[in-house]
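**Q** Structure in structure tokens, see below.
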């Protein structure tokens, strides 16, 4: 059965932004959708998020994984270690190089094993803005695109969802159209 996993970013919840819109749209198309509340979202930590995803997620050749911001970055770490190949990966406002480092958050990674990630999916899509206030911008998207191939889409839409910058971004029709 085709399934989708949608991962939020730092400080966010499954009810924020375009996440419910996307979940509903995919369910209408027959997808089984998992939109979890990731542990300790204010201080994302790969040591918490990765085991949570491996223990609770279902990853098959019919899986589509979508992540926003830190949720996009954890997907890269997940794919490094995943044994299965997935159908499609879409990273929205994702980033490949650490943005900020502090003692409470271990979400940031400066280097990925791109060669381990690349064979896990044949359909990567990177959606970034050229005006992202958190610097999860088109430059970051280009790093991922250059290493993994696929498609890079550059918009002028800020972070495509941000409570801090009061950007509700409740609908994302383009994203729904890109999921095959």
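Values in this text are rule-based calculations from the coordinates and carry no lab data. Here the structure is a predicted model, which is why all the values come from computation and not from measurement. Because the Cβ atoms are built from the backbone with ideal geometry, glycine has one as well, and the counts that use them run over all protein chains shown.
**Q** In units of 2.2 N^0.38 Å, what is the alpha-carbon radius of gyration of the chain?
**A** Cα Rg divided by the expected 2.2 N^0.38 Å: 0.92.
**Q** Give me the distance between the Cα centres of the range 5-40 and the range 119-180, rounded to whole Å.
**A** The distance from the Cα centre of the range 5-40 to that of the range 119-180 comes to 16 Å.
**Q** Right, here's the next one. Give me 77, 69 ranked fewest to most by other Cβ atoms within 10 Å of their Cβ, as a rough exposure proxy.
**A** The most exposed by this proxy come first: 77, 69.
**Q** In what order do 139, 63 fall by count of nearby beta-carbon atoms within 10 Å, going from fewest to most?
**A** In order of increasing Cβ crowding within 10 Å: 139, 63.
**Q** Shifting gears a bit: So how do 61, 80, 157 line up by other beta-carbon neighbours within 10 Å, fewest first?
**A** Placing the least packed residue first, the sequence is 61, 80, 157.
**Q** Have a look at 95, 21, 165 and tell me which one the Gaussian network model of the chain (Cα, springs below 10 Å) gives the largest fluctuation.
**A** 165
**Q** Tell me, what is the FRET efficiency for residue 167 and residue 60 to the nearest 0.05, using R0 = 22 angstrom and their Cβ-Cβ distance as r?
**A** Once the sixth-power term is evaluated, E becomes 0.10.
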